Each structure stands twice: as C-alpha cells, then as structure tokens.
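Scroll down for the structure; my scribbles are underneath it.
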Amino acid sequence: MEKISMNDIRKKNYSDVYRFIYQEKRVSKSKIASSLEMSLPTATQHLSTLEAEGLIEKQGQLASGIGRKATAYSIRPGYRTAVGVEVLPDHISAVVINLYGEIQKKRELSLEFSQKDTYFTALSRMIQDLLKSIGIPDSAVLGVGIGMQGLVSEDGQEMLYGKILDCTGLTIRPLSALLPYPVRFVHDAECAAELELWRHPELTNSIYLSLGEHLGGAIISDSKIQRGRTGRTGTFEHMTLVEGGRQCYCGKQGCVECYCSANALLHKGESLMDFFQLLRKGDTVCSERWLAYLSWLAIALNNIHMVMDSIIVLGGHIAPYLTQDDLNHLFAAVQARTAFPEYENFLRLGVQEDNTIAIGAAIPFIRSFLDSV
C-alpha cells in the first residue's frame, strides 16, 4: 500500500482550499475550515500561502446577523488569463478570458485566411495588442487556442484535415514563433463543446452537434471531449445519410453535412435571419423547406442516438432560431423512426453566446491551470 506523506496532505489541502474558494466565489475562513473538515490554523496557513502567492485576495466582509463580520476570501480571476481565437475564411475573432471563463476584452479583424507570413504576423499582432490594451503581462497568459474549421492533431500543433480553409498539413509553428506563450489549434466543434461543458458541467456524458454554416460535433464522455484514435471522433458531418446523394466538400456524396448544415438549409445569398423571419410569418415555401430540413436532421439524430444513448445538445448558428415546438417536432420524428421509443425528450439547446468558438478555444488552458493548483 502506497504511503501518503505529510507533504502530500499539505498539497491536497492547499488545492482543496483554492478550489473551494473558486467554487463559492466569496467565502469565510470558518466556512472553508468546516466544509473541508480541517482545523482553523490549517485553513489559516493555506489562506496565507495562497494570498502571498497572489492566487486569492481578501474581498470585503460577509454579512452577519450576530458578532463580527467575517473576512471574505475570493480567488483573483485575472491571476491568469487565456486567449481564444476563431479563424474564419474572411475574418478573425479573439477574446481574452479570466479564470472563470469570463470575457475581459474581445476584438475582431477582417482578414482573409492564408498561409502566408503576413497573415500570421497580423494575427500575432492582434493578439498582443489585445492583451496590451488591458495591461496583461506575458507571464499571466496561459496560452492561445486557435479555433479552426478542421481536424487537429492530438497535441494541437498541426491541421490533420482542413478542406474548408484548404489548410491540411498547416503547423502552428509560423504563429507560435511570433508569440511568447503556448499556442495550439483546436477543432471548432470541440471549442463549442468545451464551452457547453464549462457552462453546464452536469453534461458529463453527452453529444454536441453544431448546426452551423458547416456541421460539426463532439462527444463528451466522463466530462472530457473524446478525440479518438486519430482525432476524428464526433465527425458526424461526414456520416453517409443518402447513398449517392448531394456532393460534400470532403469529396464524397450524401454526407450529413449536405442535408443538416445551415448551408444545406439556405439558398445562395440568403441569411438565417431572412429565412426564419419568413418562416415564422407562415411563408409556405420556407415551411416546406424547414420541414424537409427537420426530417433529414431527425434521421441523423436517430442514428447518432443509437450509437450513444445520451443527451444531444444542439448548438451552432441555427440553434438560436429553434423553438420548443421545433425540438418537440424533431423528437417526435426521431421517435417515429427509432427502434427504441422513449418518453423523455433528449434534445437540448446549447449555450447561446457570442464568441462561442473563441471562448471554447481558450478554456482548455484554464482547465489545465485549475487542475494544476
């Protein structure tokens, strides 16, 4: 049996105190000690250490009905930060987030994607200027996550598959050489799933399906994004839905992408806002297109749910326009097709936030830091 040293116990108590303060936001020393079942002197020692190291701070006093008001302890959310970037064909969105995943500042830049040095120079300058504008030193930056439309190597250093941006084989080196902190690529669908799990940690085992301009997905298992043997886990968009069907950008035919993405729903030059405004006003043509879209989506959802019996979270550009009636319609269509009907609707709408991909690209750095304390 492995022996546990006093040093191990101290490290665990130190970590427990920090994480308890993180969870509670503002908390007294006595509550820390009682909740963690440690003595007041032990709690005091760890609080003093954490405060001296800059991880926590005293933040006023807590209200009390009797006696002296207790000092409130909080973490310093800005002790460390992370940057998240979403790269699209014609523009970049970047955010700086604190240890609670809250945006401290954001910026957008119109810039056509390319693999030229000038592109990476502009991107690196944008990131550094954004951090400088809010006075964040390099030492406080945990890293930069670059959300990309494509599959990424396990270490985040290379684009394994990037047909949309034509960037297969691109490495992170041209960008990381210009920045003084860790930089890695992140698959955009995984970014969205990371944010979903961050905001809703109860989704320990679930499926995320992004109904964006292009379709994407991720599988959450044991509260972690599963990447699979070659990084292709969750690529529902390239499952065959119709043999010999519509042409997909991947070069194959009949992929789910061709029937269930926002691009598949819209006509050329049409926006989602335009489509849904007409739909909700009762436009007959839009209603027919919408019902056809939901029918294809229901088939895909049933296939996915057969593989993993769990909650399916629907996100992406279409999600903000979905109503409860749409979810009920989808669920009924799935139930009409499935071999195993059930009563509870397993479909959920995802987080509705701006900069979802950029925030999600930065979150892994925050998770890693919190796990290390």
**Item:** Options [x] 27; [y] 22; [z] 11 - which one matches percent of Cα pairs over 39 Å apart as calculated here
**Value:** [x]
**C-alpha long axis of helix 284-307 to longest principal axis of the chain, angle in °** = 60
**Item:** Total charge dipole magnitude, the chain, about the Cα centre, Cβ charges on Lys, Arg, Asp, Glu only, Debye to nearest 20
**Value:** 1200
**Asked** Toward the positive end of the charge dipole of the chain, about the Cα centre and with charges on Cβ (Lys, Arg +1; Asp, Glu -1), which of Pro320, Leu197, Gln61 goes farthest?
**Response** Gln61
**Asked** Cβ under 14 Å from Arg280's Cβ, Arg280 left aside: what net charge do those residues give with Lys, Arg +1 and Asp, Glu -1?
**Response** -2
**Message:** If you roll a 1.4 angstrom probe over the protein chains with everything in place, what fraction of the accessible area of the chain belongs to carbon and sulfur, to the nearest %?
**Reply:** 50
**Extension gain from Arg26 to Met239, taking 0.36 nm per residue of separation minus the Cα-Cα distance** = 71.9 nm
**Asked** Which residues in region 277-297 have a backbone N closer than 11 Å to a point placed 7 Å from the Cα of Ala336 along the Cα-to-Cβ line?
**Response** 292, 295-296
**Item:** Folded to 0 to 90 degrees: helix 356-372 orientation relative to the chain principal axis, Cα
**Value:** 30
**Prompt:** Does anything in region 24-58 have its amide N under 17 Å from the 7 Å Cα→Cβ label point of Tyr100, and if so which residues?
**Reply:** 24-28, 55-58
**Item:** Accessible solvent surface per residue of the chain, calculated while the other protein chains remain in place, 1.4 angstrom probe, Å²
**Value:** 50
**Asked** Most fluctuating residue of Val307, Val87, Val96 in a GNM of the chain with Cα springs under 10 Å: which is it?
**Response** Val307
**DSSP bridge pairs, the chain: antiparallel proportion in percent, nearest 5** = 65
**Request:** Run down the lysines and flag those whose C-alpha is under 30 Å from the C-alpha of Lys25, throwing out any fewer than 8 positions away in its chain.
**Result:** Lys11, Lys12, Lys58, Lys69, Lys105, Lys106, Lys132, Lys224
**Message:** As I understand it, the value is the acute angle between the Cα axis of helix 6-24 and the longest principal axis of the Cα atoms of the chain; what does it come to in degrees, rounded to 10?
**Reply:** 60
**Item:** Dipole in debye (nearest 20) - region 300-369, about Cα centre, beta carbon charges: Lys, Arg +1; Asp, Glu -1
**Value:** 200
**Complete:** Two pseudo-spin positions, 7 Å from Cα along C-beta at Ser287 and at His200, lie apart in nanometres by 3.0
**Request:** From zero up to wherever the largest Cα-Cα distance of region 6-99 sits, split into 5 Å bins and tell me the percent of pairs in each.
**Result:** 3, 12, 20, 20, 14, 10, 7, 6, 4, 3, 2, 0, 0
**Fill in**
Using the Cα gyration tensor of region 279-373, the equivalent ellipsoid's semi-axes, largest first and to the nearest Å, work out to 31, 20, 10
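The values are calculated or read from the model by the stated rules, or taken from the named source; none is laboratory data. Being a predicted model, the structure only gives us computed values, none of them experimental. Every residue, glycine as well, gets a Cβ built from its backbone with ideal geometry; the counts of neighbours run over all protein chains shown. Protein only, heavy atoms only, side chains kept; ligands, DNA and RNA dropped before computing areas. Shrake-Rupley method; radii C 1.70, N 1.55, O 1.52, S 1.80 Å.
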